[in-house]
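Take a look at the structure set out below.
The values are calculated or read from the model by the stated rules, or taken from the named source; none is laboratory data. All values reported here derive from a predicted model rather than from experimental measurement. Every residue, glycine among them, receives a Cβ derived from its backbone with ideal geometry; neighbour counts consider all protein chains shown. Accessible surface is based on the protein model in full, side chains and every heavy atom, while ligands, DNA and RNA are left aside. Shrake-Rupley method; radii C 1.70, N 1.55, O 1.52, S 1.80 Å.
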Amino acid sequence: MTRIRPFMKDNDSQPFGFGATASLQNSYTFTLRNYTLLIAFAHREILVSMVGAVLTEDYPLPYNTTKSQFVSFSGYPNPDLPTPIATGGDLNKVVANITLTGTLFGSKDPLPTNLTLADPSWDCTNMTRGEGKFSNFTSVCCIPNPNHMPKEEIISTDEIYDRLIDPATDYQPRYAGNITISYDVLLTYAGSYLAQVTITNKDELTRLDQWKLSWKWRRNEFIYSIKGAYTSVTGSSECLFGPQGKYYQGMDFTNVTNCQRNPTVLDLPPWRYNDSDVGRIPYCCRNGTIFPKMVNASAYKSAFQMLVFKMPPDLDRFRLYSPDNFTITSASPMSHQYKCSEPMRVSPNDFPDPSGLSLNSTAVASWHVTCNITSTITPKCCVSFSAYYNESVMPCRTCACGCPEITTGPPCSTKAPAVLIPQEALLQRYDNRTLKQLQWAEKNHLTLPNPLPCGDYCGLNINWHILNQTTNKDYFNARMTVMNWDNFSYSDWYLTVKINPAFVSFSRSVGMNTSTVGNDTLILTAGNINTSYLIGVSNDSNPGMQQGVIMFKELMNMKLQNGDGNPVKVYFNGMECSMPEGILSDTTTSRAQKMSGHSILALVLITVLVNLLIIGL
């Protein structure tokens, strides 16, 4: 450590130049892949140069280490450390040395306060500091963490020989998640390779709409061409003025698809599937929609292929590295947020032969990424109950989809429970029902809170209405109406309904296709292509609306007035909807007149259909 200019009177502000080496040695029985070393600097260090690693977040040098508690280093050009058993104990292969130079301030003790690995599979504690002539040295021993380490990776000494005989056991396991991403190298050449990226929906309920997939290249790679998808930005300027342009001086970069360090890829629309230039990739070209497998077993994956060019020193056809920092998003208001893991090297994936022959081809190399839903989000849809035996509607909850901090119009209560409304009020948005609420309360002598409860603030309302059966009292039907008050239109929508005890008596549906899952769940999809599109609304006009009738073959011991015919949970496109605060009994309001199943929603739907027929004529 050397005192450098400017010379300061205040020792705490005096800069010192320093050089340091961080060494990481693999002494375990399996390869340490894609390692990330975390160092906690304590003296306002500024890193000027490094050899043997790169900053994981790709920050430029010089780098101010005070930006975060730990500075993250990824191995470069060798991101993996093999085992001493596989290398004969060659320290040049099992040890990674990261050489750092930089500036620190005001300290005669330049050692960091902590060293650890980012991978939670390792427990790095009990850091030891040297003494005497070793006072400028610190070390830490990392041992497997049994709470995070996959069981199949904790092996005994007796299994070491088997691991050497079968190198495939050195691959990482494939972890489960809501979404998985496979990065497979199908063909490899000197200086380039053909990769296929496959996105698979492993969740039972949720879907992706208009997905966007992003990642970060680690070694200056670029996308020469792509099929089955497209990049959000097309151009080669970053290559032309970067190291790629210097190395590939004879390449015509006008044909290069994308040179961004962090590209974003989107799915193609269906009409591009048969385009021989950009389509013809299995599972591509669905406009970014990926269904759960139990909803659509033929559309729970998306895939695309790309020709990737590499840079020195990785031109050997077997020097292969996956990108990292994968992120995936979905454009629908009903979408969750996902957090993705780092890519893990796994055993090569198999692919069925495209000709239909009973044989598989195997990828050259495969990486596996797991993406999970990060947290529960506020509902975007809500459910209301109505029935033939009551003129009122049990509306959506107060603030079912969250209440805004600033509201317009008269003040309202976010705590008061929702009040009963007449059935025709369902055809008005939550902020236009005040007059009907007041009139209905006066007619039925209902006590209203002051101020009135706030609306549900949901863009999508679902009404479950139990119909009256005049011909056979031993069964019942329920009509489900979906009303879209949002500006976003939904194609190929579906509902998931958990209903008990009525599930066991489910018979069939009209206007929707229905399948059963487990012992309490119905999957409802659009009955035909004309009803598969739920349009949005604009200028507060009538909502987009779709309906279907679910038929139950017997009542058994169910009591509809006690809520036995109502669902307990409803999901729209995999997003859980807010349920009402109570059930609708036959004594909730006056029963002066039964609706006999012919509710306002049914009458409005008939009117709309008649109008459409007249217009068609």
Restricting segment 202-218 to residues that are in a strand (DSSP E or B) and either in contact with a Lys or Arg (Cβ under 7 Å, 6 or more places away or on another chain) or open to solvent by 10 Å² or more (accessible area, probe 1.4 Å) (or both), the residue that is farthest from P292 (Cα to Cα): K216
Meets criteria (open to solvent by less than 30 Å² (accessible area, probe 1.4 Å), among the hydrophobic types (A, V, I, L, M, F, W, C) and more than 37 Å from the chain's Cα centre (by Cα)) for L460: no
- request: Output the residue which, of all residues in segment 48-66 that are farther than 21 Å from T31 by Cα and under 28 Å from the mean Cα position of the chain (by Cα), is surrounded by the most Cβ atoms within 10 Å (Cβ to Cβ).
  value: L55
query: If you go through segment 237-267 one residue at a time, how many are open to solvent by 20 Å² or more (accessible area, probe 1.4 Å) and part of a loop (DSSP other than H, G, I, E, B)?
result: 10
statement: From the option list P292, P333, P270, P313, single residue qualifying as in contact with an Asp or Glu (Cβ under 6 Å, 6 or more places away or on another chain) and either farther than 16 Å from I181 by Cβ or surrounded by fewer than 14 Cβ atoms within 10 Å (Cβ to Cβ) (or both) is P292
task: Name every residue in segment 88-115 that is within 20 Å of F18 (Cβ to Cβ) and not in a strand (DSSP E or B), in order of residue number.
output: G106, S107, K108, D109, P110, L111, P112, T113
query: In segment 332-376, which residues are of a type in the set (A, V, I, L, M, F, W, C) and assigned to a strand (DSSP E or B)?
result: C340, M344, V346, F351, A365, W367, V369, C371, I373
field: Test result for D474, touching a residue at least 24 places away in the same chain (Cβ under 8 Å), open to solvent by 30 Å² or more (accessible area, probe 1.4 Å), within 19 Å of M556 (Cα to Cα) and outside any strand (DSSP E or B)
entry: yes
query: Looking at segment 530-549, is at least one residue at positive phi and open to solvent by less than 20 Å² (accessible area, probe 1.4 Å)?
result: no
message: Among the residues of segment 478-517, what is the count of those that are over 21 Å from K553 (Cβ atoms), among the polar types (S, T, N, Q) and open to solvent by 30 Å² or more (accessible area, probe 1.4 Å)?
response: 3
- prompt: Only one residue in T414, T378 is open to solvent by 50 Å² or more (accessible area, probe 1.4 Å) and touching a Gly at 6+ places or on another chain (Cβ under 8 Å), so which one is that?
  reply: T378
message: Being of a type outside the set (A, V, I, L, M, F, W, C), outside any loop (DSSP other than H, G, I, E, B) and either open to solvent by 40 Å² or more (accessible area, probe 1.4 Å) or more than 16 Å from L81 (Cβ to Cβ) (or both) is the filter here; which residues of segment 8-47 pass it?
response: N11, D12, S13, P15, G17, G19, T21, S23, Q25
- request: Working only within segment 435-456, note down all residues that are open to solvent by less than 100 Å² (accessible area, probe 1.4 Å), under 20 Å from D586 (Cβ atoms) and part of a loop (DSSP other than H, G, I, E, B).
  value: N444, L446
Boolean, N287 is in contact with a Lys or Arg (Cβ under 9 Å, 6 or more places away or on another chain) and open to solvent by less than 80 Å² (accessible area, probe 1.4 Å): no
- prompt: When you scan segment 328-350, how many residues do you find that are touching a Leu at 6+ places or on another chain (Cβ under 8 Å) and within 30 Å of K246 (Cβ to Cβ)?
  reply: 0
